[in-house]
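Before any comments, here is the structure.
The values are calculated or read from the model by the stated rules, or taken from the named source; none is laboratory data. The structure displayed is predicted, hence computed values, not measured ones. Every residue, glycine as well, gets a Cβ built from its backbone with ideal geometry; the counts of neighbours run over all protein chains shown.
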Amino acid sequence: MTLVLLWLACASPATDTSDTADTGADTSDTGADTSDTAETGDTADSGVSAFEGVVFPIYEAKCAGCHTYWGADADALYAAWSDAGLALVVAGDRHASPLYDKVANEPPAEGGRMPLQLSYLDDDALANVADWIDAGAAKATFGNLYDQVFRARSCSMCHQDWGFSPDEVHESWLADEGAGALVVPGDAAGSYLYQKLIDGGTYGSRMPVWYPPLDAGEVEAIGAWIDAGATR
Ligand code: HEC
Ligand code: HEC
């Protein structure tokens, strides 16, 4: 293992959750304000971790009690919200998304403001949902994980044996190397890769060594991707 490409370490994005510029901006959202562009720079909330780490927990806390038919895990929820027939989410445009209208506006275009009977989403939660939609409403895919975790966190600086292109890295993670593959599709908890990223994992030091650990949402996103089949 050689340590070239050290400069890559500097490429780690700041995990800045203190985006205060946009809190409070959306509470009076009438759907007409297209000028609130301050949110688009918030990579912490719109990155790979956003759906699994931020949006799904909101659903669990505030929506799942009534909307059980949307499913019990992040994949089921994503599939339900992606249903073209329902058209709840228009990727890239919160104002065109009925889902956002239903949680942000009083009253929304149809029916009652969500969640019914519970307190409405606070400014941070609304901003997170808005950012996730505006950034493309993505869910963790291998391509996103490769760009936003593997490359952004400079894993390749030390793990050059995995290769560098997305195809090489995916193949390395899935390849059976005798001691067992790093990634067991469908089983995050049983995957060496996942165990190396969580606090208290079963295999030695937490990755990336020397650097700050991945945030909970990123680890969650990797776990969800593995559990969903670890496809390329
Ligand atoms: C107490 C039960 C309850 C809770 C909690 C709740 N909903 Fe609803 N939701 C309903 C009912 C009933 C309707 C149909 C009537 C209406 O639209 O007002 C509905 C309709 C909707 C719709 C319109 C499309 C559809 O599938 O019917 C959306 C979108 C929605 N809810 C989103 C949410 C979100 C997001 C949350 C969590 C932040 C949430 N709801 C929490 C009961 C609930
Ligand atoms: C500064 C160097 C360094 C960085 C950066 C780094 N690792 Fe490691 N990694 C190591 C070393 C050394 C080992 C072997 C010792 C151990 O397992 O603790 C290792 C072991 C591993 C293993 C166990 C299997 C194997 O191939 O050895 C996994 C999985 C892993 N790292 C994942 C990652 C991921 C994912 C990242 C990026 C988020 C990362 N590492 C970043 C140095 C690094």
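Do any residues in region 68-88 that are touching a residue at least 40 places away in the same chain (Cβ under 8 Å) have Cβ atoms under 6 Å from those of residues that are in a helix (DSSP H, G or I) and surrounded by 13 or more Cβ atoms within 10 Å (Cβ to Cβ), where the two are at least six apart or on different chains, and which pairs are they?
74/52; 74/56; 74/224
Considering only region 102-127, state which residues are more than 12 Å from ligand 1 (Cβ to nearest atom) and closer than 13 Å to residue 58 by Cα.
First pass over region 102-127, keeping only residues more than 12 Å from ligand 1 (Cβ to nearest atom): 106, 123-124, 127.
Scanning region 102-127 gives 123, 124, 127.
Across region 80-99, what is the total count of residues that are at pLDDT below 90, within 27 Å of residue 219 (Cβ to Cβ) and surrounded by 13 or more Cβ atoms within 10 Å (Cβ to Cβ)?
2
For region 121-136, what are the residues that are of a type outside the set (D, E, K, R) and surrounded by fewer than 15 Cβ atoms within 10 Å (Cβ to Cβ)? Break it down stepwise before answering.
If we filter region 121-136 for residues that are of a type outside the set (D, E, K, R), which is where we start, we get 121, 125-130, 132-133, 135-136.
Matches in region 121-136: 136 only.
Can you name the condition, by its number, that residue 134 falls short on among (1) at pLDDT 95 or above; (2) in contact with a helix residue (DSSP H, G or I) (Cβ under 8 Å, 6 or more places away or on another chain); (3) of a type outside the set (Val, Ile, Thr)?
Residue 134 satisfies all of (1) at pLDDT 95 or above; (2) in contact with a helix residue (DSSP H, G or I) (Cβ under 8 Å, 6 or more places away or on another chain); (3) of a type outside the set (Val, Ile, Thr) except (1).
I need every pair where a residue in region 109-128 that is in a helix (DSSP H, G or I) has its Cβ under 6 Å from the Cβ of a residue that is near ligand 1 (Cβ under 8 Å from one of its atoms), sequence separation at least 6 or different chains.
125/58
Scan region 147-162 for residues that are under 15 Å from residue 232 (Cα atoms) and surrounded by fewer than 16 Cβ atoms within 10 Å (Cβ to Cβ) and report the count.
The total comes to 1.
I'd like to check something: does region 68-76 contain any residue that is away from ligand 2 (no atom under 16 Å from the Cβ), crowded, with 20+ Cβ neighbours inside 10 Å and modelled with pLDDT of 90 or more? Break it down into steps so the answer makes sense when it comes.
Keep residues of region 68-76 that are away from ligand 2 (no atom under 16 Å from the Cβ), which gives 68-76.
Still in the running and crowded, with 20+ Cβ neighbours inside 10 Å: 74.
Adding the requirement that they be modelled with pLDDT of 90 or more leaves none.
No, because not a single residue in region 68-76 is away from ligand 2 (no atom under 16 Å from the Cβ), crowded, with 20+ Cβ neighbours inside 10 Å and modelled with pLDDT of 90 or more.
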